[in-house]
Every structure is written in structure tokens, then in C-alpha cells.
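Heads up, the thing below is written out as C-alpha cells.
The values are calculated or read from the model by the stated rules, or taken from the named source; none is laboratory data. Since this is a predicted model, take the numbers as computed values, not measurements. Neighbour counts run over all protein chains shown; Cβ positions are idealised from the backbone, glycine included.
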Amino acid sequence: MPKSLKQVLSQIEKLQKEAEALRTKEISGVVARIREAIEHYSLTQEELFGAGAKKTARRGRPVGSGAKPGRKAAGKQAVAGRQSMGAPKYHDGAGRTWTGVGKRPNWFKDALASGKKAEDLAIR
């Protein structure tokens with residue numbers, strides 16, 4: 001007997017919940033093993049992520065990947081990655097910062113739209 005759309009959607013939902021539960025269980029095991037290794041070897045943040053590592057990811061690209069996909073690096077500049085724009089001048093309290101140079105990030109625009117002033121977000 002063929003299944004109905006409702007039955008298939010119900011089965012998909014059940015499998016997604018099961019997959020999420022398995023993922024959560026596996027992640028907890030992986031995190032525990034990583035923490036154990038960090039403690040055993042007394043690793044520092046710099047040793048794990050490099051001296052210039054930041055706590056937040058940069059748009060899904062690995063740190064230091066200045067060259068665009070499919071292009072060869074042309075000299076030292078392309079290998080070195082992006083140059084620093086300077087020290088951050090604004091923050092949102094959730095770890096996101098902006099130097100005040102270039103296009104305003106969405107979190108900054110959202111904060112202004114919600115009634116905050118740029119001075120409220122300034123790093124003092």
C-alpha cells in the first residue's frame with residue numbers, strides 16, 4: 001500500500017529528531033575527548049588556533065585564507081591574507097566588533113534601528 005504525504009512527512013520529522021539526538025550525543029563525546037587532550041598536553045589557545053586566532057569565525061573561511069578559491073597566490077600579499085583594518089571601535093556585547101571602516105555590519109545597523117546610538121556601542 002502506498003504511503004501518504006502525511007505519513008512520509010511524519011517519518012521525516014521522526015528521523016530528523018533521531019538524527020539530532022545522535023548528533024548531540026556524538027558531539028558530547030567528541031568535546032570530552034578534545035578537552036581531555038587539551039588538559040593532558042596543557043595546550044593553549046594560541047597553540048590550538050594560532051597566535052592571531054579570534055574567538056569568532058570569519059564568514060566560514062579558514063584564518064589566513066586570503067586567496068580566492070580557484071586562484072593561485074600571486075606573491076606574499078595573497079598568501080598573507082587580509083590586512084588588519086585597525087583596532088575595533090564598536091562592539092555589541094556578544095563578541096561582534098567593527099572598526100568603523102567600510103560597510104556597516106548588520107548587527108550595527110540593527111542596533112541603531114532599535115534605538116541605540118553609535119556612542120552606546122563604542123568601545124571605551
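Below, the figures for the structure above:
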{"item": "Counted residues, region 92-109 - those being in a helix (DSSP H, G or I) and over 19 Å from the mean Cα position of the chain (by Cα)", "result": "1"}
{"item": "Test: residue in region 45-56 that is within 18 Å of the chain's Cα centre (by Cα) and at pLDDT below 55", "result": "yes"}
{"item": "Where a residue in region 108-122 is assigned by TED's automatic domain parsing to the domain that holds TRP98 and its partner, wherever it lies, is assigned to a loop (DSSP other than H, G, I, E, B), with Cβ under 7 Å and at least six apart", "result": "ALA111/ASP92; LEU121/ASP92; ALA122/LYS89"}
{"item": "Scope region 30-52; condition part of a loop (DSSP other than H, G, I, E, B), among the aliphatic types (A, V, I, L, M) and surrounded by 10 or more Cβ atoms within 10 Å (Cβ to Cβ); matching residues", "result": "LEU43"}
